[in-house]
Amino acid sequence: MVDFDMPFAARLSPHADRVRQHTKAWVRDMGMLGGTPWTEAFYDAADYGGFGPLTHPTASLDDLKHINDWHTWGFYLHDAFREGFLRPRNVPGGKAFVARLRSILSDSSVLPLNPAEKGLADLVSRSTLDDDDRAGVLDLLEGMLWELHNTSQGRVPDPIDLVEMRRKTNAGELSATLALKSVGAELPAELLRNSTMKALIDSFGDVPGLRQEILGFDALYGSGASTTSAVLAVQQFFECERQQAVSVVADLVAARLRQIGSIIAELPSIADEYALDEATRAGLHRYVEALKSWLAGELLWSQRSGRFSFSPTPTRKSFHSPTGLGTAAVLVRQ
């Protein structure tokens, strides 16, 4: 068991109960509780409705509902892709699945046919997405295919490649964008493109991505669902024991947190460099505080959630995909 340090304080939104009610109604409306891969019992144990209230504690109720729907869709997408395509090594089906999602992202006339598509179509219809937002979703989909190709070939990527690609599959930039919008911070595009700010977001995305690979190792990678694990990559690269590899990944998470602290300390001088006015400086401060709250809240949620530990004694069956992608192995509850 790894004890993760967290220098930032977690807070809970006062809207937590109402967001949980909303999110469960939304996932039910999208058809996500049909047992492929989520049962209602698993959803409740994971507490997806409690994710946003911990990661965005200062957001308004309406914003928090919307933010949590995006995060919940992301969790569902990963789980559906893992059980439908990663675990059975179904490359053609995974490609077709991703192609459909890309179409829905770009064309509102495409009719969604499964819960992942319905969730994305609904989110796109009520979101204001700019080119960067769409690029972030496309990066997420690209990263999933990269993971599928590696897994289908039985290939464990080297640690550097894995960390870089995990930023895509973990959607760290999308999470940072949601945090930025949730606090109403209007920051200059050139500031957000600054190398120091980009390093901040890279480190921000690495922390939960790498940490969840440790927390979920047994359920995800230890069960053979995927070969793209930081723990496996370190173990193979350094030819070390599993626990040593876990310690190395945990040390990397701690190093990323220290880097975040160092970057935050540099931000006043960067604000001076860009001659930010008082209102923009205040927005930058709110943004940084939102990132800190997100990291602390995500850790607390991960420690409390049953996402990686819930076991409803499922039976493995096959199902025919409603998108015509063929047969894939999924977990369903009797």
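The values are calculated or read from the model by the stated rules, or taken from the named source; none is laboratory data. A quick note: this is a predicted structure, and the numbers were derived from the prediction, not measured. In this analysis, Cβ positions are derived from the backbone assuming ideal geometry, glycine residues included, and neighbour counts consider all displayed protein chains. Note: accessible area is taken over every heavy atom of the protein model, side chains too, but ligands, DNA and RNA are not part of it. Shrake-Rupley method; radii C 1.70, N 1.55, O 1.52, S 1.80 Å.
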Inset, instruction - Scan segment 243-266 for residues that are over 15 Å from P159 (Cβ atoms) and free of Cβ contacts under 8 Å to residues at least 60 places away in the same chain and jot them down. - result: Q243, R258, S262, A265
Inset, instruction - Could you tell me which residue of segment 160-174 is farthest from A80 (Cα to Cα), considering only residues that are under 9 Å from the mean Cα position of the chain (by Cα) and among the aliphatic types (A, V, I, L, M)? - result: L174
Inset, instruction - For segment 11-27, enumerate the residues that are without any contact (Cβ under 8 Å) to a residue 12 or more places away in the chain and part of a helix (DSSP H, G or I). - result: D17, A25
Inset, instruction - Please verify whether segment 197-209 includes one or more residues that are open to solvent by 40 Å² or more (accessible area, probe 1.4 Å) and free of Cβ contacts under 8 Å to residues at least 24 places away in the same chain. - result: yes
Inset, instruction - Could you tell me whether R126 is without any contact (Cβ under 8 Å) to a residue 40 or more places away in the chain and of a type in the set (K, R)? - result: no
Inset, instruction - Filter segment 129-163 for residues that are free of Cβ contacts under 8 Å to residues at least 60 places away in the same chain and among the basic types (K, R) and give the result. - result: R134
Legend entry - Candidates R167, R155, R193, filtered to the one that is farther than 26 Å from V91 by Cα and open to solvent by 30 Å² or more (accessible area, probe 1.4 Å): R193
Inset, instruction - Go through (1) assigned to a helix (DSSP H, G or I); (2) at pLDDT 90 or above one by one and return the number of the condition P157 breaks. - result: (1)
Legend entry - So T177, is it of a type in the set (V, I, T) and open to solvent by less than 20 Å² (accessible area, probe 1.4 Å): no
Legend entry - Within segment 118-166, tally of residues that are hydrophobic (A, V, I, L, M, F, W, C) and under 21 Å from A176 (Cα atoms): 13
Legend entry - Hits in segment 177-210 (condition: assigned to a loop (DSSP other than H, G, I, E, B) and not small (G, A, S)): V183, E186, L187, P188, R193, N194
